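Below is one structure; the comments refer to it alone.
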């Protein structure tokens with residue numbers, strides 16, 4: 001590998017991987033290693049996979065999806081059903097769920113090929129609602145309000161479970177960061193700008209968008225399967241609009257299109273902010289959504305890019321002080 | 001027969017909801033994702049004002065009518081000030097408007113949930129009781145909704161055709177650059193148009209509040225209905241919105257009648273997903289580079 005490629009690799013993949021690994025290691029240090037703390041840390045990392053997979057497609061193409069829980073829900077129910085009905089072991093059930101998520105991503109890619117902007121948002125919303133309504137219409141299969149139960153935990157030890165999810169969460173982040181820096185990632189970005197220019201530069205826009213959506217569905221589906229295994233349950237919440245909305249808000253606040261930003265925002269929110277707000281009682285969801293709403297209004301580019309600007313600002317201040 | 005009558009009654013409401021959405025999209029090329037939330041705001045505001053006017057939830061028809069009028073006005077104010085605030089803070093790029101609207105929906109839903117909880121809230125109708133129409137028992141309040149909707153549509157049509165501010169909006173719709181040349185700032189028109197749309201949506205929400213259980217997620221269905229109507233019947237045309245709203249309402253009522261209430265919820269979803277798949281270069285597709 002040439003020095004130039006190494007430097008590029010370090011910036012595009014190494015950076016996010018190191019930051020992700022540091023975040024993962026600091027979670028048990030900051031939260032402790034009680035089963036409760038590890039449970040929160042595990043869920044935080046699964047949410048990080050939700051938001052970063054949202055950003056993989058949406059951030060690159062510039063679309064705003066309001067239906068990400070379609071991927072998560074189909075995968076979670078896929079996993080729960082093959083475990084509960086067919087008795088699949090976890091090692092087989094989780095990949096099956098991830099594949100279901102990828103299939104959902106492929107479907108959404110096809111359905112939204114020609115849509116952008118608010119039309120894209122509304123179609124993804126409609127797809128997610130369609131699946132969510134089906135859960136109640138076919139409650140014999142999907143268990144209605146209760147959902148589908150998974151009898152046994154997939155990994156007994158909370159620490160081992162956390163470590164497994166952490167590996168997958170950081171691994172998927174590096175993989176997506178690598179894909180984004182690859183030709184595919186650049187073509188995906190081109191397919192979201194001016195479509196005519198994209199096509200004129202030889203980007204197969206339709207194919208690239210479908211592949212991008214499939215990858216997004218695959219990672220979201222993997223996280224959705226793990227989420228169902230972790231909760232030992234797939235219920236309507238995993239496919240609901242509340243989850244879609246939360247993913248949207250967290251990814252936007254983290255930094256649209258930065259991949260690492262949405263990943264970190266989800267970890268920080270679930271592990272720390274939500275825990276701190278829980279003390280507020282009933283008003284908690286209102287305060288949480290209110291804060292995220294304000295953040296999107298005040299900083300449309302996201303909070304992580306703001307932090308990135310801090311060192312530069314700091315240097316300039318010092319230079320001015322020296323002068 | 002039942003399907004026809006119930007469907008036509010529903011059509012008036014759908015037209016009232018969708019015409020504002022269609023107006024804002026048709027004239028200013030903005031798909032306003034807050035539109036469903038305006039219907040919800042109207043419905044809850046009706047409850048709020050009726051309780052405030054009568055001192056209790058159980059109110060007479062006249063008080064309820066006052067409550068409905070106030071609710072529609074309050075919704076218009078909410079819609080106008082939201083988009084005015086977007087303008088004043090410089091958040092007018094299509095993506096910012098889209099992102100803040102989606103976040104706004106979630107915020108309003110949380111506010112409603114915090115104040116009223118997830119339990120259904122009941123609102124007193126303007127006209128109580130039911131009447132037989134061609135062998136079908138119809139709530140009299142629903143019968144009243146249809147003429148109110150038609151009158152509002154006629155008023156909107158008159159405003160667009162015969163007043164200076166209506167002309168200005170149509171000028172922007174025709175040619176935004178040309179309108180700017182003769183001194184109409186297209187950006188300035190957005191808050192006003194959204195205010196009018198919010199008034200109509202709030203009116204629809206307040207009028208139909210008695211016949212439905214209010215809940216914090218009731219913003220979703222009206223939004224999808226509005227969008228489905230635009231997909232169906234084009235945008236910006238007052239009477240076109242009425243025609244396609246009638247088709248959609250009849251399709252939903254027929255599905256509910258011959259199949260099941262649960263299946264009727266798919267009609268709008270299918271119109272959106274399949275309709276846009278079949279006609280991607282039709283109504284919306286041809287202008288996709290402007291629709292952002």
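The values are calculated or read from the model by the stated rules, or taken from the named source; none is laboratory data. Keep in mind it's a predicted model, so treat the numbers as computed, not measured. With ideal geometry, Cβ positions are generated from the backbone for all residues, glycine too; neighbour counts draw on all protein chains shown.
Miscellaneous remarks
- For the stretch A:117-136, the criterion of being more than 14 Å from every other protein chain (Cβ to nearest Cβ), touching a residue at least 40 places away in the same chain (Cβ under 8 Å) and crowded, with 16+ Cβ neighbours inside 10 Å is met by no residue.
- Residues of the stretch B:53-75 classified as under 19 Å from residue B:117 (Cα atoms) and either buried (at least 21 other Cβ atoms within 10 Å of the Cβ) or free of Cβ contacts under 8 Å to residues at least 24 places away in the same chain (or both), total: 1
- Within the stretch B:85-125, the residues that satisfy the criterion of being within 26 Å of residue A:282 (Cβ to Cβ), at the interface with another protein chain (Cβ under 7 Å from one of its Cβ atoms) and without any contact (Cβ under 8 Å) to a residue 40 or more places away in the chain are B:100, B:103, B:106, B:107, B:111, B:114.
- Within the option set A:302, A:255, being crowded, with 23+ Cβ neighbours inside 10 Å, modelled with pLDDT under 85, under 19 Å from the mean Cα position of the chain (by Cα) and within 14 Å of chain B (Cβ to nearest Cβ) holds for one residue only, A:302.
- Restricting the stretch A:129-145 to residues that are out of contact with any helix residue (DSSP H, G or I) (no Cβ under 8 Å at 6 or more places or on another chain) and in a helix (DSSP H, G or I), the residue that is nearest to residue B:272 (Cα to Cα): A:139
- Flag if residue A:174 is more than 14 Å from chain B (Cβ to nearest Cβ), in contact (Cβ under 8 Å) with a residue 24 or more places away in the chain and either within 15 Å of the chain's Cα centre (by Cα) or farther than 30 Å from residue A:17 by Cβ (or both): yes
- Flag if residue A:196 is modelled with pLDDT of 85 or more and more than 17 Å from the chain's Cα centre (by Cα): no
- Taking the criterion of being at pLDDT below 85 and closer than 15 Å to residue B:201 by Cβ, no residue of the stretch B:46-90 qualifies.
- Conditions (1) surrounded by 15 or more Cβ atoms within 10 Å (Cβ to Cβ); (2) more than 10 Å from chain B (Cβ to nearest Cβ); (3) within 19 Å of the chain's Cα centre (by Cα): number failed by residue A:154: (3)
- Qualifying residue in the stretch A:62-71 (condition: modelled with pLDDT under 90, over 30 Å from residue A:235 (Cα atoms) and buried (at least 22 other Cβ atoms within 10 Å of the Cβ)): no
- The residue of the stretch A:86-112 that is farthest from the other protein chains (Cβ to nearest Cβ), among those that are part of a loop (DSSP other than H, G, I, E, B) and crowded, with 16+ Cβ neighbours inside 10 Å, is A:88.
- Residues (surrounded by fewer than 18 Cβ atoms within 10 Å (Cβ to Cβ), touching a residue at least 40 places away in the same chain (Cβ under 8 Å) and in a loop (DSSP other than H, G, I, E, B)) located in the stretch A:189-239: A:193, A:232
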